[in-house]
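Participant: Here you go, one structure.
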Amino acid sequence: MAKQLKKIYSDSEFKSAMSHFEDIQQYLSLPIQDIDLNLSKNIRDDYDETLLEELANSILENGQLEPVGISPNRNRNGKFYLIYGYRRCLAIKKYAPQIPVKAVTVVSKTDDDTIQLLENIQREDLTDYEIAKALITIKEKSNLRNEDIAKKIHKSLDWVKKRIIHGKSVNQLEEQSQVNPETLRKLTTHQISQISSLNLKEKIAVLNTAEKFEKAKVKDFKKLAKKKKLPKQSTKEMKKNLNAEKAQLESLVRNANARIKQIDKQLAKLT
């Protein structure tokens with residue numbers, strides 16, 4: 001079985017494949033209509049149509065050099081779930097639907113969605129944004145620790161941790177909708193690390209300033225981070241703010257307790 005896998009994958013991909021798949025059951029040639037393509041399971045949400053067409057033409061001319069991976073069994077719609085090879089399938093579906101797809105059915109140790117994301121992360125053409133978002137999705141979908149992910153994709157633990165931080169920061173910033181989405185997509189993991197110590201308000205200020213003055217270099221992020229970082233509060237100021245917050249919460253509690261008593265009286269009348 002290892003020899004069969006070796007024929008399908010390059011040396012770097014071979015190690016990853018062996019870490020995910022327990023067995024290859026069979027080789028198939030089937031119409032693209034029999035494969036369930038789900039874009040939500042794929043890292044990249046936009047594809048260059050020209051490149052897709054070129055890939056389809058290459059497959060038509062030279063054949064499909066590497067099979068895609070699919071689930072062993074069909075789903076309720078009579079289709080196989082695609083585990084990896086999304087780009088190849090998308091190219092065939094759009095520009096060469098008449099040719100059969102070469103596929104292998106695989107039994108996996110991890111859920112299919114996670115495998116597809118783990119496999120795709122190792123592509124060389126992904127942006128830092130796409131990798132960071134994929135890792136966050138993997139963390140949310142699986143019980144894998146950072147150490148487990150690092151082993152499966154053959155990266156250092158530090159590499160994974162930095163991109164997890166990147167993904168969390170981007171998710172947080174996207175929820176606020178105060179930063180241009182295109183700016184967020186262009187951010188590198190290194191740039192995010194320069195502002196990781198800032199609070200959310202400060203991060204937004206840095207990114208908007210960087211966009212305004214077209215400053216997107218790492219060194220500029222460092223300078224902007226220093227400028228936007230709020231000065232530390234004195235002990236006196238901290239006590240004042242904490243006491244104010246405490247008084248506000250105590251007021252909310254008193255109002256809540258008063259309302260609870262009113263509700264209890266109303267309930268007593270109804271019994």
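Coordinate-derived values only; no laboratory data. Note that the structure is a prediction, hence the values are computed from the model and not measured. Here Cβ is always computed from backbone atoms with ideal geometry, including for glycine, and neighbour counts include all displayed protein chains.
Participant: Using a cut-off of 13 Å between beta-carbons, work out the net charge of the residues near K168 (Lys and Arg +1, Asp and Glu -1, K168 not included).
Facilitator: Numbers: positive: K133, K139, K161, K162, R163, K203; negative: E140, E174, E175.
With Lys, Arg at +1 and Asp, Glu at -1, the neighbours total +3.
Participant: Still on this model: Please compute the modelled spin-label separation between Q176 and L65, points set 7 Å along Cα→Cβ, answer in nm with one decimal.
Facilitator: The modelled label-to-label distance comes out at 4.5 nm.
Participant: For T50, T105, which order do you get if you count the other beta carbons within 10 Å of each Cβ and list the fewest first?
Facilitator: The most exposed by this proxy come first: T50, T105.
Participant: Okay, next question. Order 164-175, 127-138 from most to least packed using the mean count of other Cβ atoms within 10 Å. Present the calculation step by step, with values, prior to reporting the outcome.
Facilitator: Numbers: 164-175: 17.5, 127-138: 21.2.
Answer by packing, highest mean first, reads 127-138, 164-175.
Participant: Provide S71, S251 in ascending order of the number of other Cβ atoms located within 10 Å of each residue's Cβ, fewest first. Walk me through the intermediate numbers first.
Facilitator: Working: S71 19, S251 10.
Exposure proxy ranking, most exposed first: S251, S71.
Participant: Here's a follow-up. Working out 0.36 nm times the residue gap between S29 and E245, then minus their Cα-Cα distance, what length gain in nm do you get to one decimal?
Facilitator: 71.1 nm is the gain from fully extending S29 to E245.
Participant: Moving on to the next point. Return Y27, Y47 ranked ascending by Cβ neighbour count within 10 Å, so the fewest neighbours appear first. Don't jump to the answer; show the numbers that get you there.
Facilitator: Details: Y27 12, Y47 16.
Listing Y27, Y47 from fewest to most nearby Cβ atoms yields Y27, Y47.
Participant: Stick to Cα atoms and the Kirkwood definition of Rh, then tell me Rg/Rh for the range 141-228.
Facilitator: 1.02
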